[in-house]
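Bear in mind these aren't lab numbers, they're just calculated from the coordinates by the rules spelled out. Source: prediction; values computed, not measured. For neighbour counting, all protein chains shown are included, and Cβ atoms are generated from backbone atoms with ideal geometry for every residue, glycine included.
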Amino acid sequence: EAGVVQSPRYKIIEKKQPVAFWCNPISGHNTLYWYLQNLGQGPELLIRYENEEAVDDSQLPKDRFSAERLKGVDSTLKIQPAELGDSAVYLCASSLEARSEQFFGPGTRLTVL
Amino acid sequence: AQTVTQSQPEMSVQEAETVTLSCTYDTSESDYYLFWYKQPPSRQMILVIRQEAYKQQNATENRFSVNFQKAAKSFSLKISDSQLGDAAMYFCAGGSQGNLIFGKGTKLSVKP
């Protein structure tokens, strides 16, 4: 069974540029999560989807971050414009349902110069 | 609000020995669950073990077991017969409605 797929694995951009991350969850998983992980810290939830619906985006900085999950499968997380402080690893995870074990992707390491 | 605290930034264990990683949590929810995740240097987070709060019995997965003390709000992970491949960051996490709160992690080193 294929795991959670994320791309790109690494991204380096100049500040004020836009950037997008893509996630393909495990087939059949209804719940999808985007996390932010700073160096030396645990992941922090940005947004959670139940199928196509964003059920918790309270930690998403909506002035510059946006996310979508079309057709309840793949998801894209966008930052526009990026700031220096956005440098981090962005993790995507999925689960069968909200209470189930979460399976994580390899993450995208973003560096903003 | 839920909080998860890991008080050991780093731990070290000799190969084949046993090590215990500590975690405390605080929640007002009555129905919650707890996890230990492992994150090797390659960065992919892997589930180690899960514990439901309503279950009295401590969860066990091969060499990994938990000591769940509900009253003390403690959820420690014991790794027996430690192997070199166990070296990683270990994160304790808790949740109740799907959103997990993670601790800051404990970096485990395994000495040959």
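Here is a yes/no grid of residues against (1) within 22 Å of A:Phe104 (Cα to Cα); (2) touching a residue at least 60 places away in the same chain (Cβ under 8 Å):
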| position | (1), (2) |
| --- | --- |
| B:Lys38 | yes, no |
| B:Ser42 | yes, no |
| B:Ile49 | yes, no |
| B:Ala53 | no, no |
| B:Thr60 | yes, no |
| B:Asn67 | no, no |
| B:Lys73 | no, no |
| B:Gly95 | yes, yes |
| B:Ile101 | yes, yes |
**OP:** Hey, could you check the range A:100-113 for residues that are at the interface with another protein chain (Cβ under 7 Å from one of its Cβ atoms) and either crowded, with 19+ Cβ neighbours inside 10 Å or in contact with a Phe, Trp or Tyr (Cβ under 7 Å, 6 or more places away or on another chain) (or both) and say which is nearest to A:Ala2 (Cα to Cα)?
**Re:** A:Phe104
Original post:
What residue, among those in the range B:22-79 that are farther than 14 Å from B:Tyr90 by Cβ and hydrophobic (A, V, I, L, M, F, W, C), is farthest from the other protein chains (Cβ to nearest Cβ)?
Top reply: B:Ala71
Original post:
Tell me, which strands (runs of 3 or more DSSP E) wholly within the range A:1-96 include 3 or more residues that are charged (D, E, K, R) and closer than 20 Å to B:Ile101 by Cβ?
Top reply: A:44-50
Original post:
Taking the condition under 23 Å from B:Met89 (Cα atoms) and surrounded by 14 or more Cβ atoms within 10 Å (Cβ to Cβ), does A:Val19 pass?
Top reply: no
**OP:** Go through the range A:41-59 and count every residue that is crowded, with 21+ Cβ neighbours inside 10 Å and either facing chain B (nearest Cβ under 8 Å) or charged (D, E, K, R) (or both).
**Re:** 4
